[in-house]
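Worksheet for the structure shown next.
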Amino acid sequence: MKQILLIGLGRFGRHMAMRLSELGHQIMAVDKDEDRVSAVTEYTTNVLVGDSTREDFLKSLGINNFDVCFVCIGDDFESSIVTTDLLKENGAKRVISRAASGIQEKILLRNGADSVIYPEHQVAEWSAVRYSSDYIADYFTLGDGYSIMEIGVPQSWRDRSLAELNLRNTAGINVLATKKNGELNVTVGPKTVLSENMTILVIGEDSRINRALDKADD
């Protein structure tokens, strides 16, 4: 469990609060709009109405007591920059700021952000991968062109064992787990047989995974 400071409670910040709460973290949520603050009270430990561009206000929060500070301000980039800078100057351990463009990302990184969330870019990338294939249900990028993907089982792979398919040697990808009826099974081995009503989690180079799926349709 981490101590989280969440600043900016628009739609993105509100969803962050909900998810962080589900993960069991302690959250202090801040926004200068009282209605936005009221909307997240059930998901947070503490809430405050205040202006995060005021250094005295931020200092009163005890910034260095938080493990992570999220700056989710989406409608006022100047406030986002100032808040990010003040957090870092006043001892924040880790600052994650939201950007709406590549230029904003660069500016925030130069002004103290340890990492930047760029939702539009990340969602666009995910959607491009997810919906350009008939098989990909979800994926997580590992960087450098590698990903973990959850994929449906192509027709030509069904009712065949992993030993028979030999995907590691023939396609350069590894099967990490299978999922059936919502249950994840990580104890896969050469004798594991793939079926129509399951998905599989694979790890490998994006181009190799896509090539293997294209070949499976041939």
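The values are calculated or read from the model by the stated rules, or taken from the named source; none is laboratory data. Owing to the predicted nature of the structure, the values given are computational and were not obtained by experimental measurement. Counting neighbours? That spans all protein chains shown, and the Cβs are built from the backbone with ideal geometry, glycine included.
General remarks:
- The set of residues from segment 164-184 being within 23 Å of the chain's Cα centre (by Cα) and without any contact (Cβ under 8 Å) to a residue 24 or more places away in the chain comprises THR178, GLY182, GLU183, LEU184.
- Test: residue in segment 188-200 that is free of Cβ contacts under 8 Å to residues at least 24 places away in the same chain and either surrounded by fewer than 14 Cβ atoms within 10 Å (Cβ to Cβ) or closer than 30 Å to LEU87 by Cβ (or both): yes
- Selection of first residues in segment 40-68 that are more than 17 Å from GLY13 (Cβ to Cβ) and of second residues that are part of a helix (DSSP H, G or I), restricted to Cβ pairs under 7 Å at least 6 apart or on distinct chains, gives the following pairs, ordered by first then second residue: GLU55/LEU86; ILE63/LEU87.
- Selection within segment 156-206 - at pLDDT 90 or above and of a type in the set (Gly, Ala, Ser): SER156, SER161, ALA163, ALA171, GLY172, ALA177, GLY189, SER195, GLY204
- Those strands (runs of 3 or more DSSP E) lying entirely in segment 76-158 with at least 2 residues touching a Phe, Trp or Tyr at 6+ places or on another chain (Cβ under 6 Å) and touching a residue at least 60 places away in the same chain (Cβ under 8 Å): 146-152
- For segment 174-211, a residue qualifies if it is touching a Lys or Arg at 6+ places or on another chain (Cβ under 8 Å) and not in a strand (DSSP E or B), and the qualifying residues are LEU194, SER195, GLU196, ASN197.
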